[in-house]
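Take a look at the structure below.
The values are calculated or read from the model by the stated rules, or taken from the named source; none is laboratory data. Here the structure is a predicted model, which means the values were calculated and not measured. So basically every Cβ, Gly included, is an ideal-geometry build from the backbone, and we count neighbours across all protein chains shown. Surface accessibility is based on the protein's heavy atoms, side chains included, excluding ligands, DNA and RNA. Shrake-Rupley method; radii C 1.70, N 1.55, O 1.52, S 1.80 Å.
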Amino acid sequence: MLSTKVLCNLVNRTCVVVKKVAVIGSGPAGLAAAAQLNYAGHTVTVFERDEKPGGLLRYGIPDFKLEKWVIDRRVQLMEEEGVQFVCHANVGVNVNVNDLLREYNAIVIATGSTVPRNLEVTGRDADGVHFAMSFLKQQNKRVDGSDPLANAAIESNILPDQLLATGKHVVVIGGGDTGSDCVGTSNRQGARSVTQFELLPQPPASRSEAMPWPTYPMLLKTTTSHEEGCTRQWAVNTKEFIKDENGKLKAIRLVDLEWKASADGRPASFTEVAGSEREIPCDLALLAMGFLHPQFEGLLEQLEIERDERGNVKASEKQYQTSLPKIFAAGDARRGQSLVVWAISEGRECARRVDEFLNNGSSILETKDATILQAFA
Ligand SMILES: Cc1cc2nc3c(=O)[nH]c(=O)nc-3n(C[C@H](O)[C@H](O)[C@H](O)COP(=O)(O)OP(=O)(O)OC[C@H]3O[C@@H](n4cnc5c(N)ncnc54)[C@H](O)[C@@H]3O)c2cc1C
């Protein structure tokens, strides 16, 4: 049974003037924010620079981990509920950000953390060294039946080049989720060999004394992609990409590392093991060492929005409001490279703050702090 107060609030809510909200970016943070703001009664338009909505759910995570019909179904439901999606809309490039500021009552920046960490060693310019996302995005487009090179030019980290692992010795540099997705994709494309480098030593399979409950445990993660076939090299550093006479990558020089632990038992510093330098054959190297921050050029620079010390859009985790009053930020663009669950959570929480901003501090949207009924209690 709804209390009288809840009913009054809901009735009052129907008198609220509908506001227009622009969500920039259609990854999990943008989708979650858009769905909630639409649910709150606002007119929501999602601007996405790529061909289709979904962000890294569609173009980063491979189909063997997340089939894309799941995103299509969700987007279709949102469209039927009234959310408008505008694709090929690169805000700050072919969509003028000042037009959005004029036309919308609030804006949510959910543009992700897209600038990849580079590896500046000798031979980095070899033909055959690429960022992981260039490789993964192309494959996701191929599987989708679209042109793997479409839209490549507008993204600084995507090269207009067909990247395939077929018949190649592939080395994936970086041991996280992105690296693991490169391993699975390389195997599916028929790589000759797949090796994955990790700077850190191999973690234990279960909690050690250095990581007692409830601290976050650094445990060995073996994904289905690893199980499908891959040589994992732990505590190694890349010294050089070795080219042939035509500038093509032919090998990688690596070295073993000896790690010293800090007082709490976690790996803290390393030295190279003398005499351990060696070469392994490689004609495709994929850099999967994480992402630094959102792209500055275009949207963020034009807005002159404040950024935090890591380069992410500055906005508090409680308020999600940026240095510009009607602009909010959520997901990887705000918190840095993270996880899908965090992006969804941030999108929902941010929507609540946007709704409050548009409705003089009141909102019918749930937050982590209050369910819909508590919000009106
Ligand atoms: C390869 C890979 C595998 C991953 N695997 C996992 C996993 O298994 N589990 C997990 O939890 N997390 C995983 N992650 C992390 C997860 O995908 C991200 O944390 C999450 O997608 C972030 O969501 P987001 O909405 O903030 O940003 P994104 O998903 O990055 O979406 C941002 C969107 O904004 C768009 N955009 C950017 N700039 C503009 C602009 N100016 N105008 C219009 N649109 C713009 C982009 O095109 C993109 O669609 C993985 C990440 C990668 C790269």
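Here are the numbers:
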read-out	value
Test for Val75: is it at pLDDT 95 or above and either away from the ligand (no atom under 16 Å from the Cβ) or more than 27 Å from Glu228 (Cβ to Cβ) (or both)	yes
Checklist (1) at pLDDT 95 or above; (2) surrounded by fewer than 16 Cβ atoms within 10 Å (Cβ to Cβ); (3) away from the ligand (no atom under 16 Å from the Cβ) applied to Arg310, failing item	(3)
Pair list, Cβ under 7 Å, 6 or more apart: segment 232-257 residue free of Cβ contacts under 8 Å to residues at least 40 places away in the same chain, other residue hydroxyl-bearing (Ser, Thr, Tyr) and assigned to a strand (DSSP E or B)	Gln233/Thr195
Helices (runs of 4 or more DSSP H) lying entirely in segment 39-122 (those with 1 or more residues that are within 20 Å of Met133 (Cβ to Cβ))	56-59, 69-80
Residues being open to solvent by less than 10 Å² (accessible area, probe 1.4 Å) and not small (Gly, Ala, Ser) - total across segment 92-128	5
Number of positions in segment 32-55 that are near the ligand (Cβ under 7 Å from one of its atoms) and in contact with a Pro (Cβ under 8 Å, 6 or more places away or on another chain)	1
Any helices (runs of 4 or more DSSP H) falling wholly within segment 299-377 and containing at least 3 residues that are closer than 13 Å to Ala110 by Cα	332-335, 340-358
Matching entry among Glu279, Glu272, Glu301, Glu297 (being in contact with a Lys or Arg (Cβ under 8 Å, 6 or more places away or on another chain) and surrounded by fewer than 16 Cβ atoms within 10 Å (Cβ to Cβ))	Glu279
Selection from segment 233-247 of residues that are under 26 Å from the mean Cα position of the chain (by Cα) and of a type in the set (Val, Ile, Thr)	Val236, Thr238
